[in-house]
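Working notes, structure below.
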Amino acid sequence: MLDFDEIYKILENNGSEQSRKIYLKHGAKMPMFGVSFKVLGDLRKKIKINHPLAEQLWQSGNTDARILALMVADPAQMTLAKAENWLGDENVFYMHSNYMGGLMAKSDSGMALFEKWSKSDKELFKHCAYDTLSTMLKNGVMIPKERMLKIVQTIIDEIHTSPNRARNGMNMSLIAIGVYGEGMKDVAIQAARKIGKVEVDHGDTSCKTADAESYILKSIAHHDKKKVAKKTAKTA
């Protein structure tokens, strides 16, 4: 099993100036090697879940190491307090909050995190709250319709006045509610129409903000097509 020093050396050896330039455009901060997500993904497969290693990687302060830390951390050992401590560090950017959302969605604290952080005025905390909610819905976590309706109303009321990255997280959550929330497609589409265009500054990148209504319809059509294909395969 690879230890921290070996992993850190692999990260260092696989960094590139080109990747650093790209990540800096996305808001990443130094220190950073600029490791591709393919390399990070390969390391994740080798390491699997290793929480002590994740702790060491996070404490290094290195941007690449911290992304890997969130990939290999154990959701069962991630408390709300620990997540708050990690994401509250000044050397984080929105990709860290993305991966934190994916991690915390698998923990016992996912919904508690959403309830607390969705009220935060801190950009990455609010962004992470909605990322956590989106991932929970994608993972099949059942959220009562009454609660989803309230969340949709909150998104309508707050999205245009929320911090930049939080707006993107809220928009993606509205999409997730429409796609994965039982009986919520029409509600989410009507909300998207009320909200209108969502402006998010993606920096000096080619990233664009998803149009919620069209994304919901395309995603549902894609899922329906896969279901039909699966049924056809079973009866063939």
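Contact annotation: residue pairs with Cβ atoms under 7 Å, 6 or more positions apart or on different chains, pairing a residue in region 193-204 that is assigned to a loop (DSSP other than H, G, I, E, B) with a partner that is open to solvent by 20 Å² or more (accessible area, probe 1.4 Å) and of a type in the set (Ser, Thr, Tyr), are Val198/Thr209; Val200/Thr209.
Scanning region 86-109 for residues that are surrounded by fewer than 24 Cβ atoms within 10 Å (Cβ to Cβ), more than 9 Å from the chain's Cα centre (by Cα) and in a helix (DSSP H, G or I) turns up Trp86, Leu87.
Please go through region 16-42 and give me each residue that is open to solvent by 40 Å² or more (accessible area, probe 1.4 Å) and in a helix (DSSP H, G or I), ordered by number. Passing the criteria: Glu17, Gln18, Arg20, Lys21, Ile22, Leu24, Lys25, Phe37, Lys38, Asp42. Can you pull out every residue in region 202-212 that is open to solvent by 40 Å² or more (accessible area, probe 1.4 Å) and more than 17 Å from the chain's Cα centre (by Cα)? Listed by number, the residues that qualify are Gly203, Asp204, Ser206, Asp211. Quick check, is Lys82 in a loop (DSSP other than H, G, I, E, B) and surrounded by 15 or more Cβ atoms within 10 Å (Cβ to Cβ)? When the stated conditions are applied, Lys82 does not pass them. Suppose the filter is farther than 23 Å from Ile220 by Cα and small (Gly, Ala, Ser); does Ala105 pass it? The answer is no for Ala105.
The values are calculated or read from the model by the stated rules, or taken from the named source; none is laboratory data. Since we're looking at a predicted model, the values are computed, not measured. Cβ coordinates were reconstructed from backbone atoms using ideal geometry, including for glycine residues, and neighbour counts include every protein chain displayed. When the accessible area is computed, the model is the full protein with side chains, heavy atoms only, and any ligands, DNA or RNA have been set aside. Shrake-Rupley method; radii C 1.70, N 1.55, O 1.52, S 1.80 Å.
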